[in-house]
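Presented below is the structure to which this report refers.
All of the numbers you see were taken from the coordinates with simple rules; none came from a lab. Treat the numbers as computed from the prediction; the structure is a model and nothing was measured. We place every Cβ from the backbone using ideal geometry, glycine too, and count neighbours over all the protein chains shown.
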């Protein structure tokens with residue numbers, strides 16, 4: 001599990017508990033989910049961690065790609081971190097700067113990168129206290145190893 005989602009079993013169990021508390025298990029209407037909650041959370045975590053497509057994740061879990069899409073749309077927001085309130089006397093700020101490859105269908109923005117898919121390299125600056133995105137850079141072709 002740690003290889004695919006980057007979490008140890010105890011961390012995944014805590015994440016599962018948080019998702020349950022945020023109200024993910026109830027079905028509002030329609031058919032019940034074909035996957036249990038733990039597997040649905042695993043699908044979403046694997047989607048965000050590995051950048052696999054929904055078409056690739058479906059057969060791994062024995063469901064259709066449209067089911068994977070619905071699971072990600074429903075549980076994705078529940079896995080997000082809650083913003084941390086900023087201390088009133090904090091004068092210094094800590095910034096997190098990171099880059100990520102974002103899949104892109106537009107070939108004028110993206111380029112075939114190391115993962116053999118068209119993607120764009122996006123640099124992001126995040127406030128470490130509040131976890132809010134402060135700025136995002138212009139997307140550069142994914143073949144760019146170190147975006148400026």
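Based on the mean of other Cβ atoms within 10 Å per residue, sort peptides 49-56, 96-103 so the most packed one is first.
Top to bottom by mean Cβ count within 10 Å: 49-56, 96-103.
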The relative contact order of segment 2-79, taking Cα pairs under 8 Å that sit 6 or more residues apart, comes to a percentage of 34 percent
